[in-house]
Amino acid sequence: PLSPFTPPTATARRMLDLRAAPSSVRLARSGRFGYPFKAAPGVRGEALMRTRARVRLGAARRGRLTVSARRFRSPASGRVTLRIKLSRATLRVVRLNRRLRLRVQVSVVDSQGRATRAARNLTLLPPR
């Protein structure tokens, strides 16, 4: 093995697939957005959305921000769409920075207790 990276197994790929998830999402004026992805039917999971780096939080403050932490259960179709509404404070931070670059980490567990994780980058764009 030349690199420490091991590709996901076929079972893990069937349990969770973020390849079709969007790389950028435009927020609605209300601060809502949807994040669609695929997961095996019936799995439970959680998604964590945090900024990839420190961002401006105010005039003199910088820090990392957790935008959303959500639990979900995959429906029979396997298509999961997380519907997320940002708080007013987080929406203000998006406008202040003009965009937020996030790391979305999704982990799922099936009924037998097998777990898998995947992560993608997501750019949140402010409302028009």
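The table that follows gives values for the structure above.
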read-out: Listed residues Arg56, Arg29, Arg103, most fluctuating in the chain (Gaussian network, C-alpha, under 10 Å); value: Arg29
read-out: Per-residue ³J(HN,Hα) for segment 104-118, Karplus 6.51 cos²θ - 1.76 cosθ + 1.60, θ = phi - 60°, Hz, x for Gly and Pro; value: 9, 10, 10, 10, 10, 9, 8, 5, 8, x, 6, 10, 8, 10, 8
read-out: Computed over segment 67-111, Cα set: Rg, Dmax in Å; value: 13.9, 43
read-out: Extended-chain gain in nm, criterion 0.36 nm per residue less alpha-carbon gap, Arg44 and Ser111; value: 23.3 nm
read-out: Segment 76-128, accessible surface, carbon-and-sulfur percent (1.4 angstrom probe); value: 43
read-out: Highest-MSF residue in the chain out of Ala76, Ala59, Ala118 [GNM, Cα springs under 10 Å]; value: Ala59
read-out: Most fluctuating residue given options Ser107, Ser24, Ser77, as computed from a GNM of the chain linking Cα atoms under 10 Å; value: Ser77
read-out: Under the Karplus curve 6.51 cos²θ - 1.76 cosθ + 1.60, θ = phi - 60°, whole-Hz ³J(HN,Hα) for segment 85-102, x wherever Gly or Pro sits; value: 10, 6, 6, 4, 5, 5, 4, 5, 5, 4, 5, 4, 8, 6, 5, 10, 9, 10
read-out: Per-residue HN-Hα couplings for segment 45-53 [Karplus 6.51, -1.76, 1.60; θ = phi - 60°; Hz; x = Gly/Pro]; value: x, 9, 10, 10, 10, 10, 5, 6, 9
read-out: Unit charges on C-beta of K, R, D, E only; dipole of the chain, Debye; value: 800
read-out: Mean Cα-pair separation over length for segment 3-118, i.e. relative contact order, pairs under 8 Å, 6 or more apart, %; value: 31
read-out: Using alpha carbons only: equivalent-ellipsoid semi-axes of segment 43-128, gyration tensor based, whole Å; value: 29, 13, 10
read-out: Antiparallel DSSP beta bridges within the chain, as percent of all bridges there, nearest 5; value: 90
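The values are calculated or read from the model by the stated rules, or taken from the named source; none is laboratory data. Model, not experiment: these values are computed from the prediction. Quick reminder, even Gly has a Cβ in these numbers, built from the backbone with ideal geometry, and neighbours come from all protein chains shown. Protein only, heavy atoms only, side chains kept; ligands, DNA and RNA dropped before computing areas. Shrake-Rupley method; radii C 1.70, N 1.55, O 1.52, S 1.80 Å.
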